[in-house]
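Have a look at the structure below, then the notes.
Nothing in this text is a laboratory measurement; each read-out follows from the coordinates by a stated rule. Because the structure is a prediction, the values reported are computed rather than measured. All Cβ positions, glycine included, derive from the backbone under ideal geometry; neighbour counts span all protein chains shown.
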């Protein structure tokens, strides 16, 4: 569950989590590049890693496609290790 613009947002169908409870903790490390949904090109990570090297759940990272120049903002998910 993430807090975005003061609204609780969740795709979790688990009713045990109340709307005002927010998940925090370590997120998966973002990839250096992703596939652009619009053109299929490579979108490279723009966001610098945190100083402590630990990405947090709900942080937003940005990617820019090297072919069509579209920007993609991705919200980091929990680390599934």
Quick check: pseudo-label points 7 Å beyond the Cα along Cα→Cβ at residue 38 and residue 79, how many nm apart are they?
3.3
Using Cβ counts within 10 Å as a stand-in for footprinting exposure, how do 32, 67 rank, fewest first?
32, 67
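Could you grab the relative contact order for region 24-81? Cα pairs under 8 Å, six or more apart, rounded to a whole percent.
39
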